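Peer 1: Sharing a structure, written as structure tokens. Questions coming.
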Amino acid sequence: MPVIRTATAGDLPAITAVYAREVDDHVATYEYSAPDEAEMRRRWEAIVAQGYPYVVAEIDGRFAGYAYASSYRSREGYRWTVEDTVYVHPDFMGRGVGRALLQHLIDDCTTRGYRQMVAVIGDVTNTASIALHEKLGFHGVAVFQGLGRKHGRWLDTVQMVRPLGAGSKAPPESA
């Protein structure tokens, strides 16, 4: 079972490497050029400074993946909604790392008072991510066809959502 802990600056080389692989070889993100460690540090610092959770998973002391929640949109009316991001090191895929990371984010964001979590999944071929989100209570709300382009082809974008706590059934405590 993975150990989940808060990400530190010492995790940034591993986070940068995992993300670079996704950027270069896959379509989980529609970014074209892998950011360097300095840029990943800037992004990590910005997310943490806004009070969102940013965590890593370890198995037997080895980096196994990372995840964070961030703002879904910048408009004030979206302040109770977060977007999740989960990446698993290729050596640890299929070992429950993604599930542990995402469940941690769900629990943490619920405790923080967020009411909805959105998953924006790069391309419909990312069936592992779609299945992971379904297992943890997300349901599909949209497939935007041809919304992005990468590696010489048009890509769809899947959006999924799940309520946190009371979701939209009651007003938030800090309305």
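Peer 1: Would you check which residues across region 26-40 are in contact (Cβ under 8 Å) with a residue 12 or more places away in the chain, surrounded by fewer than 16 Cβ atoms within 10 Å (Cβ to Cβ) and outside any loop (DSSP other than H, G, I, E, B) and list them?
Peer 2: Glu37 - this is the single residue of region 26-40 that is in contact (Cβ under 8 Å) with a residue 12 or more places away in the chain, surrounded by fewer than 16 Cβ atoms within 10 Å (Cβ to Cβ) and outside any loop (DSSP other than H, G, I, E, B).
Peer 1: Right, here's the next one. Can you run down the residue pairs with Cβ atoms below 8 Å, 6 or more apart or on separate chains, where the first is in region 50-67 and over 9 Å from Val88 (Cα atoms) and the partner is surrounded by 12 or more Cβ atoms within 10 Å (Cβ to Cβ) and of a type in the set (Lys, Arg)?
Peer 2: Once the first residue is over 9 Å from Val88 (Cα atoms) and sits in region 50-67, its partners that are surrounded by 12 or more Cβ atoms within 10 Å (Cβ to Cβ) and of a type in the set (Lys, Arg) give Gly51/Arg112; Pro53/Arg112; Val55/Arg5; Val56/Arg5; Glu58/Arg5; Ile59/Arg95.
Peer 1: Quick check on region 9-25: of everything there that is touching a residue at least 24 places away in the same chain (Cβ under 8 Å) and not charged (D, E, K, R), which residue is surrounded by the fewest Cβ atoms within 10 Å (Cβ to Cβ)? Steps first, please.
Peer 2: In the first step, residues of region 9-25 are kept if they are touching a residue at least 24 places away in the same chain (Cβ under 8 Å); the result is 9, 11-16, 18-19, 21-22.
From the residues that got through so far, the ones that are not charged (D, E, K, R) too are 9, 12-16, 18-19.
On the way: Ala9: 10, Leu12: 18, Pro13: 12, Ala14: 18, Ile15: 23, Thr16: 19, Val18: 20, Tyr19: 20.
Selected residue: Ala9.
Peer 1: Just need a number here: residues in region 102-125 that are closer than 21 Å to Pro171 by Cβ and acidic (Asp, Glu). Even if it seems obvious, please write down each step before you answer.
Peer 2: Taking region 102-125 as the starting set, the residues that turn out to be closer than 21 Å to Pro171 by Cβ are 106, 109-118.
Now restrict to residues that are acidic (Asp, Glu): none.
The qualifying residues number 0.
Peer 1: Another question, if that's okay. Taking region 159-175 on its own, how many of its residues are open to solvent by 100 Å² or more (accessible area, probe 1.4 Å) and within 23 Å of Thr85 (Cβ to Cβ)? Walk me through it before giving the result.
Peer 2: Here is the first cut: in region 159-175, the ones open to solvent by 100 Å² or more (accessible area, probe 1.4 Å) are 168-169, 171, 173.
From what's left, within 23 Å of Thr85 (Cβ to Cβ): 168.
The qualifying residues number 1.
Peer 1: So which residues in region 111-121 are more than 11 Å from the chain's Cα centre (by Cα), open to solvent by less than 60 Å² (accessible area, probe 1.4 Å), at negative phi and of a type outside the set (S, T, N, Q)? I'd like the intermediate steps shown before the answer.
Peer 2: Taking region 111-121 first, the residues more than 11 Å from the chain's Cα centre (by Cα) are 111-116.
Narrowing the set further to residues that are open to solvent by less than 60 Å² (accessible area, probe 1.4 Å) leaves 113-116.
Retained after the next criterion (residues that are at negative phi): 114-116.
Tyr114, Arg115 - these are the residues of region 111-121 that are more than 11 Å from the chain's Cα centre (by Cα), open to solvent by less than 60 Å² (accessible area, probe 1.4 Å), at negative phi and of a type outside the set (S, T, N, Q).
Peer 1: Which residue is nearest to Glu83 (Cα to Cα), if the candidates are limited to region 119-158 and must be without any contact (Cβ under 8 Å) to a residue 24 or more places away in the chain and not in a strand (DSSP E or B)? Break it down stepwise before answering.
Peer 2: Our first condition is that a residue be without any contact (Cβ under 8 Å) to a residue 24 or more places away in the chain; within region 119-158, this holds for 127, 131, 139-147, 152-154.
Within this subset, residues satisfying the condition of being not in a strand (DSSP E or B) are 127, 131, 152.
On the way: Thr127: 18, Ala131: 17, Gly152: 27 Å.
Per the criteria, the residue is Ala131.
Peer 1: Among the candidates Asp91, Asp84, Asp108, single out the residue that is open to solvent by 60 Å² or more (accessible area, probe 1.4 Å) and within 30 Å of Thr8 (Cα to Cα).
Peer 2: Step by step, each of Asp91, Asp84, Asp108 is checked, and only Asp91 is open to solvent by 60 Å² or more (accessible area, probe 1.4 Å) and within 30 Å of Thr8 (Cα to Cα).
The values are calculated or read from the model by the stated rules, or taken from the named source; none is laboratory data. This one's a predicted model, so the numbers in the text were calculated from it and none came from an experiment. Glycine gets a Cβ as well: all are built from the backbone with ideal geometry, and neighbour counts include every protein chain shown. Note: accessible area is taken over every heavy atom of the protein model, side chains too, but ligands, DNA and RNA are not part of it. Shrake-Rupley method; radii C 1.70, N 1.55, O 1.52, S 1.80 Å.
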